[in-house]
Each structure stands twice: as C-alpha cells, then as structure tokens.
Amino acid sequence: MDLKNVCVYCGSSPTLDPAVEKEIRAFGSALATRGVGLVYGGASRGLMGAIADEVLAAGGKVTGIIPKALEGREAAHRGLTELKVVGTMHEREQLMFDLSDAFVAFPGGYGTMEEIIEMITWKQMGIHGKPIVIANIGGYFSPLLQQFELAVQKKYARTEDRILFGVADSTKAVLTFLEGAPVLSRKAGDWA
C-alpha cells in the first residue's frame, strides 16, 4: 500500500451490528500495521471511535477533524495524534480531502453517504483521481449501489462511471483494492 493517509467515513452513532464493528476495527489495525494514518471525523463514539481506538492501540497516527458547530455536541476523541477544529462542515470535508490519499466508506448515516458521494462526484469531475472504496459490510450499501446502477441504466450516469469506485465486502477486500488501485490522473472536466 503506497498511501500515507486514508480517510474513513463512518457512523458516530453506536451500531447494533457487531460484524460491522469487527470489520472496522480490523481495518484500523491493518492501517496502523501498514504505517498508514487515519483521517476521520474526530468523534469518540460509534464506528468513528472504534476505528480511532484500534489505530491508536496499534501505534498508528490518527487525525480527527471537527467543525466548531459540533464541538459541544460530538465529543472529540481524546487520544488523537492530532485534532483539527475548523469553522464549517465544508472546511472539514475539504481538509479531510486534502490530507488523504484514498477514501473508504464503512456503514454510517446521512453524513457518511453524503461524503462518499461527494468524493465520487469530485472524481467524476476530474478534481482528483484518488482511490475510493465502499465497504459494503453485510450488504449495508447494496440499495445505494443499486441506485447507482439504475442511474447508469437510465443514462443519468455513464457506463464508464462504474470505475470511479470499488466495492468490497470485508476489510481484506478493501485492503486488496487499495493496494492495487491506481491513482487516476485526469484534468477537470475529462469525465464530466
């Protein structure tokens, strides 16, 4: 894996699915073992807290980014290597993008889906060529992936857009994808 930092999008709410937590913890441990830092939303609970705990326990680097509006509502993880507080959610998303070499979405809520779709859209527009993986643990993202496929079938998206991201159903598959994923070099507008 030739990556310095991976951005992980996931839920800050507690999950009721122990299989998802097991996978995200395994992914966090694998990142640290490979010397890859974690960039994430900075929360201490839910899947966000679980992955940060695991990376830190394995001696890895964790950068959390929290917007000022969430400072009091979403408890920042206390053990982070680095905590960055930014003014807005837009600044948070931009900084997460700037600091990361790849993006992985594990199960989460609206924010998780918004963030990973934004990275896919940016890649489609030629803003970046960084690897993107949707960790479809337990089929969580299957309805969203079906919607993406419907967009292609109905010609709202192009057939070529299917290469913008990978889909994996386990930590091992996510890592395999990231280890072999090329960084695409496109000029803005080449894919739009």
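Each reported figure results from applying straightforward, stated rules to the coordinates on display, with no laboratory input. Keep in mind the model is a prediction, meaning the values are calculated, not measured. Glycine gets a Cβ as well: all are built from the backbone with ideal geometry, and neighbour counts include every protein chain shown.
Brief remarks follow.
- Only Cα sites of the range 78-144 enter the Debye sum here, all with the same form factor; the resulting log10 I(q)/I(0) across q = 0.25 1/Å is -1.22, listed in q order.
- Over 27 Å between alpha carbons, listed pairs K4/K123; K61/K130; K22/K68; K22/K155; K84/K123; K4/K154: K22/K68; K22/K155; K4/K154
- Residue-wise HN-Hα coupling along the range 13-21, computed from phi with Karplus coefficients 6.51, -1.76, 1.60 (Hz; x: Gly, Pro): 7, x, 8, 9, 10, x, 5, 5, 4
- In a simple Cβ point-charge model (Lys, Arg +1; Asp, Glu -1; nothing else charged), the chain has a dipole of about 160 debye relative to its Cα centre.
- Taking every DSSP helix (H) stretch of at least 4 residues in the chain, weighting each as -39,500 (n - 2.57) and dividing the sum by the residue count yields a mean residue ellipticity at 222 nm of -12500 deg cm²/dmol.
- Cleavage-rule hits (GluC sites (Glu not before Pro)) in the range 1-108: DSSP loop, at most 14 neighbouring Cβ within 10 angstrom: E71
- Taking amide H atoms as placed 1.01 Å from N in the peptide plane, the amide H of V167 lies under 5 Å from those of I134, each 5 or more residues away in sequence or on another chain.
- Viscosity 1.306 mPa s, 10 °C: Kirkwood-radius Stokes-Einstein D of the chain over Cα pairs, µm²/s: 95
- Antiparallel DSSP beta bridges within the range 45-178, percent to nearest 5: 0
- Relative contact order [Cα under 8 Å, 6+ residues apart], the chain, whole percent: 22
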